[in-house]
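Each reported figure results from applying straightforward, stated rules to the coordinates on display, with no laboratory input. What you see is a predicted model; the values in this text were computed from it and never measured. Don't worry about glycine lacking a Cβ; one is built from the backbone with ideal geometry, like all the others, and counts go over all protein chains shown.
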Amino acid sequence: MAEKTERKKASRHSLAHSSQKALPLLKLIHASRNISRADLARRSGLSAGSVTAMVQNLIQTGLVVENGRAASHRGRKPISLGVRNDTAYVVGVDLGSFFLRVVITDLNGNVRHSLQIETCLTEGRERVVHRMIEAMRKAIVESEVARTAIRGVGVGHSGVIDSEKGLVLSFPRPGQMTEWKNVPLRRIIEKEFDVPCQIEDSVRAIASAEKIFGLGKDLTDFIYIDVGMGIGAGIFLDGKLYRGPGGSAGEFGHVTVDEKGPLCCCGNTGCLETLASCAAIIQAVRTAIERGVDSRVTDLALGDLNRISIEAIVQAAIENDGLAFRVLHEAAFHIAVALADVVNLLNPPALLFGGALFRAAQNLLLDPMNRTIRQRALEKSANEVKLLVSKLGSDAGAIGAARLMSERVLETVFEAK
Ligand SMILES: [Zn+2]
């Protein structure tokens with residue numbers, strides 16, 4: 001027993017001693033998920049001997065495990081390292097315009113439990129926040145993860161966010177601008193759950209999930225574009241999520257594409273969001289049908305124009321419905337016109353698309369968008385960019401928010417060892 005305590009003391013001493021280098025190494029293991037000691041040495045610039053000693057310490061303190069043999073092109077496959085799954089758990093939340101999704105994940109992003117409820121924005125902010133907290137409590141209980149093992153909460157919100165201050169500054173959705181003005185959501189959640197919370201823009205949370213678990217895994221630079229009820233983007237440059245010094249980068253939905261276009265909830269006119277979001281697409285189809293245009297969408301919505309969904313419009317377009325086809329292609333055209341500017345500005349190697357529109361339409365709109373980008377952007381950058389549709393599901397925002405929080409939780413756990 002005494003020997004064990006001594007050993008623990010020695011390991012703690014040496015870990016603290018080398019912690020300045022061990023923490024970045026631990027973060028590298030977390031970010032890479034499965035990485036060999038040799039790759040760690042190469043990527044950290046540390047000697048093989050230092051890496052071996054530090055990894056040994058991290059294994060002894062229970063933060064890192066050997067996960068079998070990593071993929072290798074030749075010879076004997078090296079042992080891969082990962083953060084221990086049961087190190088700690090995190091709650092991830094995605095508060096969208098229609099659905100509120102909650103996941104309980106470990107620090108590696110493995111989902112232990114997930115649930116989804118309707119957001120019901122029209123019931124008012126206080127009611128929505130209350131329902132969100134109830135849903136989080138329910139998810140924790142149903143996950144069977146011990147309450148004490150939950151070490152943080154990450155929340156993705158589709159409004160305009162001040163991540164630093166943990167505020168929802170506004171929610172540019174019809175009827176929500178005054179409801180969600182400077183809401184201290186982080187403070188509310190921290191008070192309820194007594195663990196640290198991080199509020200993030202939901203599209204940036206999805207982009208982070210894309211970087212770790214999705215098509216962005218092997219890309220250092222890409223732009224993720226999400227088209228749902230709103231439109232947003234997450235920009236990865238040099239392997240890092242670009243937030244801008246003020247933290248507001250990625251508000252792609254409020255790029256002007258028609259100076260004389262419709263008034264946007266943000267106060268500007270002709271924002272991309274007013275012409276190409278799912279809300280705008282549904283509204284355009286509904287207005288045309290109300291004016292007497294014959295469309296397959298009416299049948300798919302069972303005659304109830306309030307039930308028109310983006311899925312029904314895509315389905316009608318696939319069945320060669322003229323109205324659905326035209327409205328979808330016009331939206332895709334506006335998105336591509338705005339993206340041609342982005343391609344000129346940043347020369348990204350890949351544009352990844354997700355959100356309700358692309359979950360429904362998959363590759364349907366990629367060719368026309370590609371054509372528009374090629375027509376409008378400079379030839380070299382246009383030839384270099386690839387357009388891809390995300391394969392992550394609708395939980396990506398909650399998983400991404402949990403993942404961003406897990407990076408902070410890992411640091412806290414490390415410092416407490
Ligand atoms: Zn706007």
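Mind listing the long-range amide H neighbours of residue 249? Cut-off is under 5 Å, sequence gap 5 or more, other chains count too, H placed in the peptide plane at 1.01 Å from N.
Placed amide hydrogens put 244 under 5 Å from residue 249.
With N set to the number of residues, divide the alpha-carbon radius of gyration of the chain by 2.2 N^0.38 Å and report two decimals.
Working: Rg = 23.5 Å, N = 417, 2.2 N^0.38 = 21.8 Å.
Working it through for the chain, the quotient is 1.08.
If you average 1/r across every pair of different Cα atoms in the stretch 274-353 and take the reciprocal, what Kirkwood value do you get, in Å? The partial results should precede the final answer.
On the way: mean 1/r = 0.0743 Å⁻¹.
Roughly 13.5 Å, rounded to one decimal.
Output wanted: per-residue J couplings in Hz (rounded whole) for the stretch 31-38, from phi through Karplus 6.51 cos²θ - 1.76 cosθ + 1.60, θ = phi - 60°, x for Gly and Pro.
Using θ = phi - 60°, the values come out as 5, 8, 6, 10, 9, 8, 4, 5 Hz.
Evaluate the relative contact order of the chain (contact order divided by residue number), counting alpha-carbon pairs under 8 angstrom at least 6 apart; express in whole percent.
Values: 778 pairs, mean separation 65.1, N = 417.
Over the chain, the number comes to 16 percent.
Could you rank the peptides 77-89, 112-124 by their average count of other C-beta atoms within 10 Å per residue, with the highest value first?
77-89, 112-124
When the Karplus curve 6.51 cos²θ - 1.76 cosθ + 1.60 is applied with θ = phi - 60°, which whole-Hz ³J(HN,Hα) does each residue of the stretch 356-361 get, with x for Gly and Pro?
4, 4, 7, 5, 7, 8
Using every alpha carbon pair in the stretch 58-199, what percent of pairs falls into each 10 Å bin from 0 up to the bin containing the largest distance?
11, 35, 27, 15, 9, 3, 0
Hey, what do the phi angles of the stretch 188-195 turn into as Karplus ³J(HN,Hα) couplings, whole Hz, using 6.51/-1.76/1.60 and θ = phi - 60°, x for Gly and Pro?
After applying 6.51 cos²θ - 1.76 cosθ + 1.60, I find 4, 6, 4, 5, 6, 10, 6, 9 Hz.
Based on other C-beta atoms within 10 Å, arrange 104, 313 from fewest to most.
Values: 104 26, 313 31.
By the 10 Å Cβ count, ascending: 104, 313.
Would you mind telling me which residue in 265, 278, 197 has the biggest mean-square fluctuation in a Gaussian network model of the chain, where springs connect alpha carbons within a distance under 10 angstrom?
Per the Cα network of the chain with a 10 Å cutoff, 265 tops the list.
If neighbour count is taken as other Cβ atoms inside 10 Å, put 158, 390 in order from fewest to most. The partial results should precede the final answer.
On the way: 158 25, 390 22.
In order of increasing Cβ crowding within 10 Å: 390, 158.
Quick one: which residues, 5 or more positions from residue 389 or on another chain, have an amide H under 5 Å from its amide H? H modelled 1.01 Å from N in the peptide plane, none for Pro or chain starts.
Those qualifying (amide H under 5 Å, at least 5 residues apart or on another chain) are 353.
Which FRET efficiency value, to the nearest 0.05, is calculated for residue 126 and residue 378 with the Förster distance at 35 angstrom and r the Cβ-Cβ distance?
So, using R0 = 35 Å, E works out to roughly 0.10.
In a Gaussian network model over the chain where Cα atoms closer than 10 Å are linked, find which of 143, 47, 170 has the largest mean-square fluctuation.
47
For a footprinting-style exposure proxy, rank 359, 43, 101 by other Cβ within 10 Å, fewest first. Please report the intermediate quantities before stating the final value.
Details: 359 21, 43 14, 101 26.
Fewest-to-most Cβ neighbours within 10 Å comes out as 43, 359, 101.
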